[in-house]
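Read through the structure below, which is laid out as structure tokens, and then see the notes.
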Amino acid sequence: MAKTTEKPFLTDVMTLRRRAREHIMEGAVTSGYTADRETVLKLLNEALATEIVCVLRYKRHYFMAEGIAADAVKAEFLQHANEEQQHADQIAARIVQLNGEPNLNPEGLTSRSHAEYVEGEDLIDMIKEDLVAERIAIDSYREMIDYVGDKDTTTKRMLESILAMEEEHADDLVGLLEKMDK
Ligand SMILES: [Fe+2]
Ligand SMILES: [Fe+2]
């Protein structure tokens, strides 16, 4: 038997309407938003820094790649750079929706980022460094998804779609290493 003290599953329409009017300037953040917004914003800003560092590292690798296998690898580096940029943009947009500010300050960028900026000595080295960075990104997105849980499903869905692409990136890089017999 259901306990009488249990909260009703859906908030009634009147309450929803009243709440929506109360803090109208908070935009997408309603009082039904139960995640810890400050922490979510901090995590999203760290992810933003990570994506930007990844864009820069892939760009560096794209321009510096040379050798017989360079053409195929360069195309992959460029594609990844562009996709990391899309992730950065998605994350920045979500930060603003949550009434935060995207931290795009170049100062401290690498210390806010989870992944590192490593230039790499040669093609193989570059691919390996990118793979390490992708694996770091995969783990940190997984942790963020667990943390956000069902308290902020929009952020969670965005993080899940980014995670899926980071997994693809890691897989692409492993494929390149295998082709190069390393
Ligand atoms: Fe990314
Ligand atoms: Fe990636």
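The values are calculated or read from the model by the stated rules, or taken from the named source; none is laboratory data. What you are looking at is a predicted structure, and each value in this text was computed from that prediction instead of being measured. Positions of Cβ are backbone-derived with ideal geometry, glycine not excepted, and every protein chain shown enters the neighbour counts. Note: areas computed on protein heavy atoms with side chains; ligands, DNA, RNA excluded. Shrake-Rupley method; radii C 1.70, N 1.55, O 1.52, S 1.80 Å.
Okay, residues lined up against (1) under 28 Å from ASP146 (Cβ atoms); (2) modelled with pLDDT of 95 or more; (3) assigned to a helix (DSSP H, G or I):
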site: ARG17; (1), (2), (3): no, no, yes
site: ALA49; (1), (2), (3): yes, yes, yes
site: VAL55; (1), (2), (3): yes, yes, yes
site: PHE63; (1), (2), (3): no, yes, yes
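Within segment 92-135, the set of residues being closer than 14 Å to ARG60 by Cβ and within 16 Å of ligand 2 (Cβ to nearest atom) comprises ALA115, GLU116, TYR117, VAL118, GLY120, MET126, ILE127, GLU129, ASP130, ALA133. Tallying residues that are away from ligand 2 (no atom under 11 Å from the Cβ) and in contact with a helix residue (DSSP H, G or I) (Cβ under 8 Å, 6 or more places away or on another chain) within segment 136-160 yields 15.
May I ask you to say which residue of LYS74, LYS42 is crowded, with 17+ Cβ neighbours inside 10 Å, away from ligand 2 (no atom under 13 Å from the Cβ), in a helix (DSSP H, G or I) and basic (Lys, Arg)?
Values: LYS42 fails: crowded, with 17+ Cβ neighbours inside 10 Å.
Just a single option satisfies the conditions, and that option is LYS74.
In segment 57-64 there is at least one residue matching the filter, namely being under 18 Å from VAL174 (Cα atoms) and open to solvent by 10 Å² or more (accessible area, probe 1.4 Å).
Within segment 20-34, the residues that satisfy the criterion of being more than 15 Å from GLN97 (Cβ to Cβ) and hydroxyl-bearing (Ser, Thr, Tyr) are SER31, THR34. Looking across THR154, THR110, one residue alone is closer than 21 Å to LEU48 by Cβ, modelled with pLDDT under 95 and of a type outside the set (A, V, I, L, M, F, W, C). It is THR110.
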